[in-house]
Amino acid sequence: MNTIGILQNTVQPYAWGSCSAIAELMGEANPSGTPQAELWMGAHPRGPSRVWVNDQWVLLSDLIAEFPDQMLGKAASKKFHGKLPYLFKVLAAEKPLSIQAHPNKEQAAEGFFSENRKKIAMDAFNRNYRDNNHKPECLCALTLFWALKGFRSLDEIQSLLKRACPKNLRNLDISGLKSFFKSLMTLSSVQKAELISETVSSAGKNDDPAFQWALRLNQEYPNDIGMMAPFFLNPVCLQPGEAVFLEPGELHVYFKGMGVELMADSDNVLRGGLTCKHIDVPELMHVVKFAAQPVSVLYPETVHKYEKIYPVCAEEFVLSVISLKDGCRYSSAGQRSMEILLCANGTAEITDPGVKITIRMTQGVSLVIPAVVKRYEIIGQAVLYKASIPF
């Protein structure tokens, strides 16, 4: 493959997804009315994209395997052993996701090979590690996006808990973040029920957002101790165009909204609640970083007249946004890795001058641009998000 190709992508129908957001972005109907949670753009084995090549759809993973230097570029191909190191997504949350964290590289490798030795099937319900990679991720809001991210300070947690569940504080060790989290997650069934009941009663009399989110979580996931998350994790509401970066080990919950998400090519998730999927508290405790950390919102930095990047510390990926007004022309860098482009809104034309191919992009259209394409140009009025490998 030596030029730009249109992508056909996998939609993941997780229960927490929106029934309309991704369909509207793509300009397509969703006749089944089932949730559409994530649109995957990449080569992950659980949902590889297809590329239109020589009048047929071909798996992107197969093209990369057959032509790694052409697709990824020689440097990236060598560094990442002939594999695409990132996974690009559109995430559309209608209901809260699980309280979760992702492992670092060492933890992922250890967990993956340990579960292999135990002969736990890759699709088994109790499988924690589906690959041996870490999963740092950057999420950029396309709509208002609500989430919880990182631990509040211990003083904040204590203050909120004294208002939420003063009678049941005796069952919690709030001398430190790790001891508190462990004591909360390992309460007996009776203790959990009492704590949740008292908190729900208190929340009904309190206008603080933490209490209102706790009520919402309890409605979505009745009697789940994860409903306490708003009292110990930092709240964040992203405006469109704002982003956050999640490091391995950072506990978080996505509440509601749509965004583009770029991450290392991994599907490793350790869950602690707010889900019908597998929960493994001891393993979650093993990967979580127990340190109070205020939320840092990312704003894109200009690198080109029409392009801005989100500054993150990741060797696998770079997320950028290209914003064009009518008549503006964007010219790519001469040296680059493989890129995936998603048109978030508007209309544009992208041209590969080397082979004289032009493709029209409208909202929801995504493309792959192999590294072998020396240069390309975009003209139009549109906002496009770009995933690439640091060059």
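The values are calculated or read from the model by the stated rules, or taken from the named source; none is laboratory data. Predicted model only: the values in this text are computed from it and were never measured. Cβ coordinates were reconstructed from backbone atoms using ideal geometry, including for glycine residues, and neighbour counts include every protein chain displayed.
Below is a table of values for the structure above.
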read-out	value
Residues within region 254-308 that are loosely packed, with under 15 Cβ neighbours inside 10 Å, within 18 Å of GLU38 (Cα to Cα) and either of a type in the set (D, E, K, R) or under 17 Å from the mean Cα position of the chain (by Cα) (or both), tallied	1
Set VAL260, VAL253: member being among the β-branched types (Val, Ile, Thr), part of a strand (DSSP E or B) and within 21 Å of MET227 (Cβ to Cβ)	VAL253
Candidates MET285, MET258, MET338, MET263, filtered to the one that is modelled with pLDDT of 95 or more and either touching a Pro at 6+ places or on another chain (Cβ under 6 Å) or among the β-branched types (Val, Ile, Thr) (or both)	MET338
Selection from region 205-230 of residues that are assigned to a helix (DSSP H, G or I) and over 15 Å from PHE255 (Cβ atoms)	ILE225
Test set (1) under 26 Å from PHE145 (Cβ atoms); (2) within 21 Å of the chain's Cα centre (by Cα); (3) in contact (Cβ under 8 Å) with a residue 40 or more places away in the chain - MET338 fails condition number	(1)
Members of region 105-148 found to be surrounded by fewer than 23 Cβ atoms within 10 Å (Cβ to Cβ), acidic (Asp, Glu) and closer than 18 Å to GLY249 by Cβ, listed by number	GLU106, GLU110, ASP131
Of all residues making up region 37-88, the number that are among the aromatic types (Phe, Trp, Tyr), within 20 Å of ILE22 (Cβ to Cβ) and crowded, with 17+ Cβ neighbours inside 10 Å	3
Residues located in region 310-345, provided they are aliphatic (A, V, I, L, M), out of contact with any Asp or Glu (no Cβ under 6 Å at 6 or more places or on another chain) and outside any loop (DSSP other than H, G, I, E, B)	VAL318, LEU319, VAL321, LEU324, ILE340, LEU341, LEU342, ALA344
Single match in ALA193, ALA203, ALA210, ALA164 (criterion: among the small types (Gly, Ala, Ser), in contact with a Pro (Cβ under 6 Å, 6 or more places away or on another chain) and surrounded by 13 or more Cβ atoms within 10 Å (Cβ to Cβ))	ALA210
